Every structure is written in C-alpha cells, then in structure tokens.
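The values are calculated or read from the model by the stated rules, or taken from the named source; none is laboratory data. None of these values were measured; they are calculated from a predicted model. Cβ coordinates were reconstructed from backbone atoms using ideal geometry, including for glycine residues, and neighbour counts include every protein chain displayed. In case anyone asks, the SASA skips ligands and DNA or RNA and just uses the protein heavy atoms, side chains included. Shrake-Rupley method; radii C 1.70, N 1.55, O 1.52, S 1.80 Å.
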Amino acid sequence: MGKIISLILSCFILFSCNQEKPKAKSMHTHDHKHHGIDHHSFSKPEEAVSKHLSLMLKANFDTKKLSGSVTHTIKNQGADHIIFDIKNLNIQAVKISNGSTEKEVKHSIGTEESHIGNSLSVPIDKDTKLVTIEYSTTDGASAVDWLEPIQTTDKKKPFLFTQGQAILTRTWIPCQDSPGIRVTYDATIEVPKDLMAVMSAENPQTRNENGVYHFVMNQAIPPYLIALAIGDLVFKPIGKRTGIYAEPSMVDKAVYEFADMEKMLEAAEELYGPYLWEQYDVIVLPASFPFGGMENPRLTFATPTILAGDRSLTALIAHELAHSWSGNLVTNATWDDFWLNEGFTVYFERRIMEALYGEEYVKMLTQLGIQDLQNEINDLGSNSADTHLKLSLQNRDPDDGMTDIAYEKGCLFLMAMEEQIGRAKFDQFLKKYFSDHKFQTLTTEEFISYVKKELIEPEKMDIDLDAWIYSPGLPKNHPTVVSNKFDLVESYLNKHLGNSDWNKEGTKDWSTHEWLHFIRAIPTDLSIDKAQKLDQVFGFSKSGNSEIIAAWLETSIGNGYYKEISQELEGFLVSVGRRKFLTPLYKALKTQGDLALAKEIYEKARPNYHAVSTQTMDALLK
Ligand code: BES
Ligand code: ZN
C-alpha cells in the first residue's frame with residue numbers, strides 16, 4: 001500500500017517538475033538548489049558567526065559531568081540574535097559583552113528536533129563581541145564516554161573521552177556545530193590531580209601538579225574536531241613530530257606498533273604538501289572507543305584493537321594522518337558531502353601505504369575495500385540513493401551516511417580519474433586542490449566545478465561525473481585491482497576445502513590481509529565439522545588479531561558454528577566497543593535466528609559501549 005502511494009506520489013512529482021521546468025536537462029540542477037546548506041545545524045553563520053571559542057570546564061568523575069562555560073568570540077554580520085546548537089545540555093546563564101562591559105541576557109531554547117537537538121538563541125547587540133554560556137553536561141551527552149577504572153586497560157583509574165563527529169560536539173559544548181564553520185579555540189580543563197588531559201590542540205607531555213591544563217588550537221577547525229581525553233596517560237615520542245599517548249601498560253606496545261608514524265608523515269608531505277598542524281600524535285584509548293580511529297587534529301584518537309603486535313593494522317594510522325589534509329584542512333561543507341572527507345582519505349591512505357610498503361601490499365588493501373563496497377551496495381540495494389556519493393541526509397542522522405560508499409566508492413572515483421590522466425598529473429592536481437582550499441570547506445558541487453576547471457577541460461578527460469556522484473551503484477568500467485597474493489590464497493583454499501587436510505606449509509608467510517581474504521572466501525555453507533576443523537588448525541577464534549577474530553566470528557555464525565565458540569564470541573563482544581566489529585556480529589546472530597543469544601550477550605556488553613555504538617545496537621536488537 002505504502003509503495004503504491006509513493007509510486008503515485010513520485011509520478012506526480014516527476015510530472016509536475018516536468019511541467020514546471022520543461023527545459024531542465026537533469027533533476028540535479030533542481031535537487032542541488034540548496035547545496036551548502038547544513039540541515040544538521042540550527043546556526044545561521046551568515047547572520048552571526050562564532051570565530052573562536054574559549055572553554056573553561058571541570059571534569060567531575062563522581063557525578064559524570066563537565067561543567068563550566070564557553071565564551072564565543074563572534075562576528076555579528078548585522079543580526080540581533082546568534083544561534084548555537086545544543087543537545088541535552090543544561091544551560092545556566094548567558095552573558096554578552098562588547099569587550100568592556102558584560103551583561104546577562106535572556107536566551108531561548110527551541111523545541112527539540114530529532115537527531116539534531118535544540119537551537120540556543122542569544123540576543124546580541126551591534127557591538128557584541130563575546131557570548132559566554134555557563135552550562136553543564138547531562139547523562140544525555142552522547143559525545144562523552146565516562147569509564148570506570150575497570151573499563152580501562154590498566155583498570156586503575158577512570159577515563160573520559162569525547163567523540164564529536166558527526167554532530168555530537170553540541171552535546172558537550174554549545175557551539176555552531178556545522179562542518180562548514182571553522183573556529184580556533186583555547187581551553188582550560190580541570191581534572192582530578194592523578195589524571196592528565198589532552199585535546200585536539202597543543203598538548204602537555206607530562207602530568208602537572210594541580211590538575212589544571214591549558215590548551216590552544218590556533219588553526220581554525222570545524223567544531224566536530226574539538227576533542228578531549230582524560231586519563232592515566234603517559235607520552236612517548238616516536239619521531240621529531242610524532243608520538244604516542246596511552247595508559248602506562250600500553251604505551252610501549254603502541255610505540256612499537258606505530259614505529260613508522262614519522263615516515264608516514266614524511267611520505268604524506270612528499271605527496272600532497274606540508275603538514276600544517278606541527279605535531280602529529282596518536283592516543284590509544286580504552287576498548288570502548290566506538291571507531292577504529294578519529295582524526296582529531298594534532299591528536300588522532302585510536303582503538304586499541306589495532307595493536308596486533310605485528311604492525312599489520314597500521315593503514316588505519318595512515319588513514320587518520322591523511323585526514324590532516326582531506327577532512328581537517330579541506331572539509332566537507334555538509335554531511336551530504338561526507339565522501340569528500342572519506343573518499344579522498346582512503347585514496348590518500350593507500351598512497352601513503354604504497355610509499356612505505358609497496359604496490360602489492362596496497363593491492364590487498366584495495367581488493368578488500370572493493371569487497372566491502374560490493375557488500376555495502378548489496379546491503380543498501382543497488383538502486384538506493386544511499387549509494388550515491390552525494391548524499392541526502394536531511395531529517396536523518398548523519399551517521400546513516402557513514403557507509404563504505406563514501407569511503408570505497410569515493411576512493412574508486414579518484415582512482416578512476418588517476419587512471420584517466422596518469423598519476424603524475426593527478427598528484428599535481430591533488431596537491432593544488434589541498435593548497436587552494438586549505439582551512440576551507442567545500443561542497444560536492446564546488447568540487448565538481450574545480451575538477452572541471454583544473455582537470456576535465458585542460459586534460460580533455462573523459463569521466464562520467466554524473467554516474468559517479470549522483471547515480472547509484474558503481475559505474476561500468478570502474479577501476480579494479482587483482483592481488484596475486486590473493487589469487488594464491490584462493491587456490492590454497494579451494495585445494496584443501498574438499499578434504500579439510502589443511503597443510504599449513506602453504507600459509508606460513510601470510511599476512512593479516514591474506515588471512516582476511518581467506519576467511520571472507522570461505523563458503524557460507526561449510527559444515528560445522530569443517531568449520532571446527534579449520535578453527536582447530538588455524539586457531540582463528542583465539543586469534544589476538546581483532547580483524548581476524550571479528551571476520552572469523554562473523555563467518556562462523558553464518559555457518560552455524562558458534563555455540564562451540566560462544567565463550568570467545570561473548571568475550572570479544574563484551575570487551576570491544578568498536579562498532580565496525582559489533583554490528584556484523586549482532587546482525588549475523590539475528591540472521592541466524594538467535595536473537596536470544598544476541599540479546600543475552602548485549603545485556604552484559606552494553607555498559608561497556610559508547611553511545612555511538614549503543615544507539616546502533618539498540619536499533620538493531622530492539
Ligand atoms: N572520521 C572517521 C570516523 C567517523 C566518521 C566518525 C563519521 C564519526 C562519523 C575516521 O577517519 C574513520 O574513517 N575511521 C575508520 C577507520 C578507517 C581506516 C576507515 C573506522 O573507525 O573504522
Ligand atoms: Zn576517515
């Protein structure tokens with residue numbers, strides 16, 4: 001019934017569009033009338049905009065609240081109000097100042113809208129320079145994860161971290177929370193004396209006596225990149241400009257794992273120009289961190305699940321580092337343009353990896369990425385608008401856009417352009433792109449005009465932009481790669497699958513990526529006996545490598561082989577909060593018809609997850 005109605009409706013819309021605009025060549029000109037408008041922010045920067053914010057916060061681990069104030073330095077472009085985004089915040093007072101006299105004003109909070117929260121409207125005068133908001137966070141601050149000591153790696157002290165992207169900064173700072181707006185910031189953060197605070201800013205390298213830390217971020221960044229972590233942290237350098245923050249028991253392991261970080265930084269600069277953020281550090285967070293990594297400027301936040309012990313999962317560091325150009329320097333204007341951040345970053349990540357470890361290594365990464373993409377397109381539906389690079393996330397959670405389309409289709413699109421004009425010219429183009437747009441934001445449409453001007457016209461390049469950007473699925477003749485190493489993996493698998501007589505000799509030089517390809521290639525109708533035999537020979541369900549164990553658990557559940565390894569499954573789901581691992585595993589249990597087990601495990605695991613992950617799992621298992 002609903003389908004019929006929407007069919008009639010869309011016929012009507014199509015018809016009436018045609019009536020009104022008989023000459024419009026494509027719907028796109030019409031669709032993109034609003035490009036550049038951020039549907040996920042209440043702020044109206046063209047009227048009054050925040051340029052700098054100054055945070056004064058105290059972290060109370062007993063009440064699990066951040067409280068204090070934020071002072072925005074604003075530019076009033078002739079408005080009588082300035083609007084900020086807030087969500088689940090407790091606003092106590094608002095004051096404005098022209099730089100010499102301060103007065104309290106009556107603010108108003110708009111009604112809550114789903115996903116995006118509330119507007120906070122503050123009356124201002126022509127000469128208002130500063131707006132101070134006194135506030136505290138609430139239990140609804142989805143950005144903030146407050147961890148009990150038991151939830152940390154060392155299990156001795158509490159921990160806090162924030163996650164701003166996409167629209168969570170407004171749950172801990174009243175701000176104009178749009179990626180199209182950039183601010184500089186400074187902060188004074190008071191924490192318990194035995195803990196240390198770090199931010200996406202200039203950071204301390206040792207703990208101080210009084211528990212008060214000052215931060216300065218002099219480069220303008222979108223508010224989703226403001227980040228804070230507090231814990232029992234130590235710092236160890238890797239190179240001149242690189243280092244690691246981690247809990248004491250973890251830091252040496254991380255320094256070993258990421259030993260090539262300085263080289264990655266040099267390779268990245270060699271490719272696309274100078275690193276403009278001075279220092280590049282990584283903080284290894286407790287396992288509840290919901291992502292693999294988050295590119296907070298100067299200080300990437302990372303999951304401990306990439307500490308494999310053999311440096312095999314460091315592409316993730318290359319990825320977050322690459323965001324120092326694509327994303328942090330040149331930023332998507334709205335979340336509909338998310339592929340501009342992630343597609344470029346995957347492409348750049350692989351170029352860094354190629355510079356360090358060679359072409360064969362990157363072929364494996366790319367082939368795994370293309371598999372992910374194909375699965376994503378199947379899941380979303382090959383005609384789904386969610387498979388367009390340019391998204392349409394109005395009235396939706398921008399989180400919905402975080403699929404492999406942005407990442408892998410975005411990367412393939414850039415590879416397609418590279419294929420057309422050759423690497424040398426494409427690199428020149430990218431280098432210029434980053435330098436022409438540094439500290440700016442871009443819509444997809446602005447990118448298209450730039451590409452037309454810089455590449456397509458001068459190079460007479462033949463590329464179907466419309467197919468890549470505004471159409472579903474994958475354009476025909478998209479780039480592909482074939483890894484010889486993966487061919488060998490497949491022939492090994494096929495040779496031994498029939499008799500389960502696994503001869504480990506053939507696998508002794510395999511890297512994590514070959515194992516991942518192997519596990520993904522296992523047929524979905526393997527008998528439980530055969531799955532168990534495989535597991536006995538290779539020890540997958542006891543693997544210390546998070547990617548391998550996650551892939552194996554997913555395959556095993558699909559094959560009905562999971563009651564036998566329920567301890568390992570539960571152990572993994574309870575201790576790891578990284579959403580990329582959780583979603584497929586709970587989904588597989590559900591598909592397998594064992595929602596009961598999924599719910600039983602989730603009940604134990606849920607207290608260990610960040611709100612980003614519980615939001616997804618709650619919806620999945622409701
Ligand atoms: N910026 C993303 C993480 C993100 C995206 C957080 C959207 C919130 C909303 C980060 O750079 C990322 O892509 N992380 C990936 C790892 C990467 C190697 C693909 C992840 O966490 O899995
Ligand atoms: Zn990314």
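Taken over segment 533-561, the criterion of being outside any helix (DSSP H, G or I) and either free of Cβ contacts under 8 Å to residues at least 40 places away in the same chain or open to solvent by 30 Å² or more (accessible area, probe 1.4 Å) (or both) is satisfied by GLY539, SER543, GLY544, ASN559, GLY560, TYR561.
Could you tell me how many of the residues in segment 100-122 are more than 32 Å from the chain's Cα centre (by Cα) and either closer than 17 Å to GLN394 by Cβ or open to solvent by less than 40 Å² (accessible area, probe 1.4 Å) (or both)? Working first, answer last.
Initial filter on segment 100-122 (more than 32 Å from the chain's Cα centre (by Cα)): 100-108.
Remaining after also requiring either closer than 17 Å to GLN394 by Cβ or open to solvent by less than 40 Å² (accessible area, probe 1.4 Å) (or both): 105.
The total comes to 1.
Evaluate the following for MET261: is it of a type outside the set (S, T, N, Q) and in contact with a Ser or Thr (Cβ under 6 Å, 6 or more places away or on another chain)? So MET261 passes the test.
When MET56 is tested against the conditions (1) open to solvent by 50 Å² or more (accessible area, probe 1.4 Å); (2) touching a residue at least 24 places away in the same chain (Cβ under 8 Å); (3) under 30 Å from the mean Cα position of the chain (by Cα); (4) farther than 10 Å from THR132 by Cβ, the lone failure is (4). Among the residues of segment 241-254, some residue qualifies, meaning at least one is over 19 Å from LEU356 (Cβ atoms), of a type in the set (Lys, Arg) and assigned by TED's automatic domain parsing to the domain that holds MET217. Of the helices (runs of 4 or more DSSP H) contained entirely in segment 400-516, those carrying at least 2 residues that are among the polar types (S, T, N, Q), assigned by TED's automatic domain parsing to the domain that holds GLN367 and open to solvent by 20 Å² or more (accessible area, probe 1.4 Å) fall at 423-436. HIS81: in contact with a Pro (Cβ under 7 Å, 6 or more places away or on another chain), open to solvent by 40 Å² or more (accessible area, probe 1.4 Å) and farther than 30 Å from GLU247 by Cβ, yes or no? For HIS81, the condition - in contact with a Pro (Cβ under 7 Å, 6 or more places away or on another chain), open to solvent by 40 Å² or more (accessible area, probe 1.4 Å) and farther than 30 Å from GLU247 by Cβ - is met. Considering only segment 247-262, I want to know if a residue exists there that is modelled with pLDDT of 95 or more, of a type in the set (S, T, N, Q) and within 16 Å of ligand 2 (Cβ to nearest atom). No, because not a single residue in segment 247-262 is modelled with pLDDT of 95 or more, of a type in the set (S, T, N, Q) and within 16 Å of ligand 2 (Cβ to nearest atom). In segment 266-284, is there at least one residue being within 16 Å of ligand 2 (Cβ to nearest atom) and either open to solvent by 10 Å² or more (accessible area, probe 1.4 Å) or over 13 Å from ALA322 (Cβ atoms) (or both)? Yes; the residues of segment 266-284 include at least one that is within 16 Å of ligand 2 (Cβ to nearest atom) and either open to solvent by 10 Å² or more (accessible area, probe 1.4 Å) or over 13 Å from ALA322 (Cβ atoms) (or both). ALA318 passes every criterion in (1) within 20 Å of ASP427 (Cα to Cα); (2) among the hydrophobic types (A, V, I, L, M, F, W, C); (3) more than 10 Å from ligand 2 (Cβ to nearest atom); (4) under 13 Å from the mean Cα position of the chain (by Cα) apart from (4). The one condition from (1) within 16 Å of ligand 2 (Cβ to nearest atom); (2) in the same structural domain as TYR450 (by TED's automatic domain parsing) that LEU299 does not meet is (2).
Strands (runs of 3 or more DSSP E) fully within segment 269-344 that include at least 2 residues being touching a Pro at 6+ places or on another chain (Cβ under 9 Å) and within 12 Å of ligand 1 (Cβ to nearest atom): 330-332.
Out of LEU313, LEU356, report the one residue that is outside the structural domain of GLU454 (by TED's automatic domain parsing), more than 14 Å from ligand 2 (Cβ to nearest atom) and open to solvent by 10 Å² or more (accessible area, probe 1.4 Å).
Values: LEU356 fails: outside the structural domain of GLU454 (by TED's automatic domain parsing).
Answer to the check: LEU313.
Screening ALA220 on (1) touching a Lys or Arg at 6+ places or on another chain (Cβ under 6 Å); (2) closer than 24 Å to ALA302 by Cβ shows it passes everything except condition (2).
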